[in-house]
1. Hey, could you grab the Kirkwood Rh for region 33-164? Inverse mean 1/r over distinct alpha carbon pairs, Å, one decimal.
2. Output the relative contact order of region 3-69, whole-number percent, from Cα pairs under 8 angstrom with separation of 6+ residues.
3. Can you give the local net charge around Pro261? Use residues other than it whose beta-carbon is closer than 12 angstrom to its beta-carbon, Lys and Arg +1, Asp and Glu -1.
4. Distance between Cα centroids, region 109-169 to region 29-102: provide it in whole Å.
5. Per 10 Å bin from zero, what fraction in whole % of the C-alpha pairs of region 3-69 is there, up to the bin with the longest pair?
6. Roughly what % antiparallel, to the nearest 5, for the DSSP beta bridges in the chain?
7. Report the trypsin sites (Lys or Arg not before Pro) located in region 1-37 that are in a DSSP loop and have at most 10 other Cβ atoms inside 10 Å of their Cβ, or state none.
8. Using each residue's phi in region 113-122, evaluate 6.51 cos²θ - 1.76 cosθ + 1.60 at θ = phi - 60° and report the 3J(HN,Hα) Karplus result to the nearest Hz, with x for Gly and Pro.
Amino acid sequence: MRLATRLRPAAVNLVRALPPVRGRGRLASVVNAAFLKAGAEPAAVALMSQGHKLLLDCRLFSHAHALFSGKYDDHKVKALAAFIRQGGTALDVGANIGFYTVPLALAARRVGAHVVAAEPFANNLARLRQNLELNDVLDYVTVLDFGLSSEAKSEWLALTDDFQKGATIGNAAIADANLYGDRFERVRIRLAALDAVWAALGRPRLDAVKLDIEGHEDSFLEGAVRTLREHRPVILIEVNRWFYERRSLDFDSCIAALLPPAYRVFEVTRGKVKAVPGLAEVCDSDALLVPAEKSGALPL
């Protein structure tokens, strides 16, 4: 093992020990870049603040941040996990390498529930399974090797900016020509509609959904109308209006029109859950959509 790889854990611990002051994230980025330049292996196992471990790639900003902070959307994960009940299911759509899937699986194990994780890109899928095994939660997760959309079909997936840094895992997006043209490498993936596959999963109840699929959220909702109407899960959805603007769509009205009736909108910021009038008022990167009858269970 190279010296830089051996020394990096000590540097990580030093950065984590610093008080949460302005500039700590920038310092972590500088330290991480210095270790990579010195020959440290990109792969590193991070002990996260919620008690689980993740095998990461330090060439990617979000992974390096998780390594040096031990955090990744902790408050949002906890808010979503609070709705998982015994016998129920959490669905992670766009599971990537398991940033949400792993802590949700640990929460599911504690209450006697289950997680279904959908990830169509083979390299991410392999790392997801490694991270599930690393945390001994494979038995609590059903992994789908396809994405969820409006219908069953194959589609091109663009391997976006993360893959320009030498990584073989990272964020990717359905390759709509209006988004990227020929800018990025593409791979072919399989898609299916949740309404068509839910019964085959044999899960009695859907409690919570995390939805982060880079502008394809409306297509998922179109293919999940019946399941969402029947189960009325809490939904944590990425709010990235840029993707919808490129398709001449208004994110806020588009998503609102596809939801079952009587859903309320919340933001989870700085550890607090705050109600907002609607999606148009969401300023955070995610919105928590909660059925009116379940909003009393929120950790306000």
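Throughout, read-outs are computed from the coordinates displayed, never taken from laboratory work. On a predicted model such as this, the values are computed, not experimentally measured, just so you know. FYI the Cβ positions are ideal-geometry reconstructions off the backbone, even for glycines, and counts take in every protein chain you see.
1. Kirkwood hydrodynamic radius for region 33-164: 15.5 Å.
2. About 34 percent, as a whole number.
3. Local charge sum for Pro261: +2.
4. 14 Å
5. Result returned by the calculation: 22, 61, 17, 0.
6. 55 percent
7. Arg22
8. 10, 8, 10, 10, 10, 10, 8, x, 8, 4
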